Amino acid sequence: MQQQARPSGPARTGTAGAPGAVRGWLDAVAVVLAGFAAMAAVAALGLWAAGAGDLPGGGFPYVLAATLALAVGGSVGLDGGAGFFASVDAGITAMPLSVGLVGALTVAEVFLRQLRFRAVAGGRELLGRAARTAVVWLVALALLCLAARHTFAVPLGGGLVEQLGGALGLNPEVGFHAEPAPTLGLGLLWLLVVLAATFAVSRRAPLPRSLVPFQQAVRPAAFAMLLVLLGYVVLGVAAAVGTAVVHGNGREVAAVALLALPNLVWLAFGVGLGGEWHGHLVGAIGLPVPKSLAAVLRVGEGQDGTVSLGTLAEQDGRAWWLLPLAAVLMLAAGVLAAHRAPRGVRLWQHAVRLAAAAAVSMLLVGVWTRISADYGLSVLGVGLGEGGLGDLLGSVLGPAADPVGPAAALAGGRLTLDPVLWITVPLAAGWGLLTGALGALAADRLPRRGETG
């Protein structure tokens, strides 16, 4: 029996290597296709609800491709003009986080499903799987960049104006294109962050034996912070459903929920912890901006407004509720992280681990909620017509939003929103220290699995 078993090793590595490699590439293709299919479904529904389905010239598929590029961290440039009289040189960097969140969860689920029924895995195998997935992902992003470009003709209004425009050679048009470098680079970084977070959070993720102790230290706090972020999304969905029932604007609410809900609720989370964002709003650009946020951002030329708990509360007193909400959810995270941690972890270790997880989470939230948009999103079909996303977000999260529309958006505008990371991230870490310690004290009173008392 032993003599027959010895040659099986070389036979397995020699003859079974090619099929294994083929299977590995097929697994990578499955991960990428599932991720993009999920994102495309959510983005298509959201854009349709926002009014992009009525775009002329069959522009919807190209807008969808541009939205997917933005969802993974890419940038979209806007261009066009009116002959030699005027030109457009602008762009958009704003992640539709509803689309990206669904894609991340799908990629993580499919990637882990391929490793099911295993407690540990070799480092070479995991690196190989990640590398093959990254290669296929880059190919998909390159194809996305080719598809995410389109040009729309802008009507001059007919009659004498159109005749004069034709005589002068004015053919106004505006279009968009995905920027290849940032879309490929940041898109790859997005995938790597998703895979790293998957192994940091999930109990089903097998690792090499040498890394298991580190995983046991990281996983409880990381999982708890993931639930906090998802909890904010669930609360946002509940508020959106309530708004749709009360106001009867189901299609508009669906547009926000399917495109930009995490952008708002995670910003609210950071503000509730005491974080700050700086930015300004000039004109109207077709982006969903609640009235209270727009009022804070509309400052003098060359200046930036500060988005914080105090400044938002000056516009709408309900903003003060963001503080107790963040405190309750962070305390719940502290209890859950301590309860899921192995026995023998000290109080200060619980506090430090949750502080690190909270800091990393807020760093990602800050980067993901960053917005830089020139000229407008009407080109992408968002904010077209009355009752667009601007009015919608006001109805979901506050009073009437800053007015948007095709005429205003095409007239020009700019919105910037940047996190003050040196304030926001340390504050999140401080909250993690406090709630991690308090959560550990509370978790000591809770029974664990297998315990009766």
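Here are a few things to note about the model shown:
- Computed from the C-beta positions of Gln349 and Thr151, the FRET efficiency with R₀ = 60 Å rounds to 0.55.
- Note, ³J(HN,Hα) from phi for the stretch 361-372, Karplus 6.51, -1.76, 1.60, rounded to Hz, x at Gly and Pro: 4, 6, 4, 5, 4, x, 5, 6, 8, 5, 10, 9
- Extension gain, Ala238 to Leu323: 0.36 nm times the residue separation minus the Cα-Cα distance gives 28.7 nm.
- Peptide ranges 414-427, 200-213 listed from the most packed, as the mean C-beta count within 10 angstrom indicates: 414-427, 200-213
- Less than 5 angstrom separates the built amide H of Glu276 from those of Val420, Thr424, all sequence-distant by 5 or more or on a different chain.
No value in this document is a laboratory result; all are computed from the given coordinates. Not measured: the values here are computed from a predicted model. We place every Cβ from the backbone using ideal geometry, glycine too, and count neighbours over all the protein chains shown.
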